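Worksheet: the structure to be examined is printed underneath.
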Amino acid sequence: RSAVAIHSKFGHIDKSGQVRTPLTYDFASYYQHGLSMVRMKDKYGFIDTSNRLIIPLIYDEAFPFDRVTTIVERYWLRYELSLDGQAQFVGFSFKLKALFIIAGLLIFIWLSSLVNELSSKFRAKVPRH
């Protein structure tokens with residue numbers, strides 16, 4: 001089966017050109033390991049060749065099953081997802097890591113300015129001979 005799009009709606013056709021998955025999705029990937037990644041209303045899930053939703057449309061980001069597992073994200077957390085829908089936490093999304101870095105940098109700048117301010121106040125109070 002091949003993924004196709006008509007008027008911005010995705011589905012799948014077979015080798016004869018017959019529509020096998022209705023053109024209802026905002027995106028549909030190729031089939032790999034019997035599953036296709038689909039997106040509706042900015043959420044990703046996976047369907048089988050009979051168009052049954054095997055893994056619900058709950059993920060914010062996803063990749064097709066190029067291996068027997070894939071990576072998905074939900075609420076800025078990354079999971080390794082197996083073909084049976086079992087998700088195991090593997091880390092934070094790149095967006096969340098970027099926020100941690102920015103927050104750390106802002107805290108560092110704030111602490112540096114605080115140390116400079118306290119240091120200049122201390123120097124002002126120390127008598128010079």
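Which one of Asp26, Asp42 is within 19 Å of Glu73 (Cα to Cα) and open to solvent by 70 Å² or more (accessible area, probe 1.4 Å)? Please lay out each step first, then the result.
Numbers: Asp26 fails: open to solvent by 70 Å² or more (accessible area, probe 1.4 Å).
From the options Asp26, Asp42, the qualifying one is Asp42.
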Practice problem: Could you please find all residues in region 82-93 being surrounded by 13 or more Cβ atoms within 10 Å (Cβ to Cβ) and assigned to a loop (DSSP other than H, G, I, E, B)? | Solution: Leu83, Ser93
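Residues that are more than 22 Å from Ala87 (Cβ to Cβ) and of a type in the set (Gly, Ala, Ser): list the strands (runs of 3 or more DSSP E) wholly contained in region 1-53 that include at least 1 such residues. Show your work before the answer.
Values: elements: 2-6, 9-13, 19-25, 27-32, 35-40, 43-48.
Of the strands (runs of 3 or more DSSP E) lying wholly inside region 1-53, those with at least 1 residues that are more than 22 Å from Ala87 (Cβ to Cβ) and of a type in the set (Gly, Ala, Ser) span 2-6, 9-13.
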Quiz item: Just wondering, is there one or more residues in region 94-111 that are in a strand (DSSP E or B) and among the aromatic types (Phe, Trp, Tyr)?
Solution: no
Quiz item: Could we say that Ala62 is touching a Phe, Trp or Tyr at 6+ places or on another chain (Cβ under 8 Å), small (Gly, Ala, Ser) and open to solvent by 40 Å² or more (accessible area, probe 1.4 Å) here?
Solution: no
Quiz item: Looking at (1) farther than 29 Å from Leu53 by Cα; (2) at pLDDT 95 or above; (3) not aliphatic (A, V, I, L, M), can you tell me which one Phe89 breaks?
Solution: (1)
Quiz item: Only one residue in Ser8, Ser36 is small (Gly, Ala, Ser) and surrounded by 13 or more Cβ atoms within 10 Å (Cβ to Cβ). Which one?
Solution: Ser36
Exercise. Answer yes if at least one residue in region 96-114 is touching a residue at least 24 places away in the same chain (Cβ under 8 Å) and under 30 Å from Gly45 (Cβ atoms), and no otherwise.
Key: no
Practice problem: Please tell me if Thr49 is touching a residue at least 40 places away in the same chain (Cβ under 8 Å) and either surrounded by fewer than 17 Cβ atoms within 10 Å (Cβ to Cβ) or within 13 Å of the chain's Cα centre (by Cα) (or both). | Solution: yes
Quiz prompt | Any pair with Cβ under 8 angstrom, 6 or more apart, that starts in region 17-30 at a residue that is without any contact (Cβ under 8 Å) to a residue 40 or more places away in the chain and ends at one that is among the hydroxyl-bearing types (Ser, Thr, Tyr) and open to solvent by 60 Å² or more (accessible area, probe 1.4 Å) | solution = Arg20/Thr49; Asp26/Ser8; Tyr30/Ser2
Exercise. Considering only region 67-81, state which residues are within 16 Å of the chain's Cα centre (by Cα) and either in a loop (DSSP other than H, G, I, E, B) or of a type in the set (S, T, N, Q) (or both).
Key: Thr69, Thr70, Tyr75, Trp76
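Conditions (1) closer than 30 Å to Phe100 by Cα; (2) of a type outside the set (A, V, I, L, M, F, W, C); (3) more than 16 Å from the chain's Cα centre (by Cα), marked per residue:
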{"position": "Ala3", "(1), (2), (3)": "no, no, yes"}
{"position": "Ile6", "(1), (2), (3)": "no, no, yes"}
{"position": "Thr21", "(1), (2), (3)": "no, yes, yes"}
{"position": "Asp26", "(1), (2), (3)": "no, yes, yes"}
{"position": "Gly34", "(1), (2), (3)": "no, yes, yes"}
{"position": "Met40", "(1), (2), (3)": "yes, no, no"}
{"position": "Phe89", "(1), (2), (3)": "yes, no, no"}
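The values are calculated or read from the model by the stated rules, or taken from the named source; none is laboratory data. This structure is a prediction, so every number in the text was calculated from the model and none was measured. For neighbour counting, all protein chains shown are included, and Cβ atoms are generated from backbone atoms with ideal geometry for every residue, glycine included. Only protein heavy atoms, including side chains, enter the accessible area calculation; ligands, DNA and RNA are left aside. Shrake-Rupley method; radii C 1.70, N 1.55, O 1.52, S 1.80 Å.
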